[in-house]
Amino acid sequence: MAVIDDIRALGAELERSCQASVRGRLKYRVGQMVYVAFSLDESVMGFAFPKGTPGECLRVGLR
């Protein structure tokens, strides 16, 4: 299981990715698109897909 420090390390390595704090919530984004966000207590992580591609992303991940 990944912990938030793992995500911070990975986010720091990604090109054009930046960390932001929005109303106390940790978010990672590229430009205006947020691709991962954490709840205030950092117990829940949400992940975003580019519009129209979630099915393909999930199929690739299940192989």
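Points worth noting:
- A full extension of the chain between residue 33 and residue 2 corresponds to an added length of 8.9 nm, given 0.36 nm per residue minus the alpha carbon distance.
- Fully extended contour minus Cα-Cα distance, from residue 49 to residue 19, at 0.36 nm per residue: 9.1 nm
- Electrostatic tally near residue 36: other residues with Cβ closer than 10 Å to its Cβ, Lys and Arg +1, Asp and Glu -1, net +2.
Rule-based calculations on the coordinates, nothing more; no lab input. Keep in mind the model is a prediction, meaning the values are calculated, not measured. Here Cβ is always computed from backbone atoms with ideal geometry, including for glycine, and neighbour counts include all displayed protein chains.
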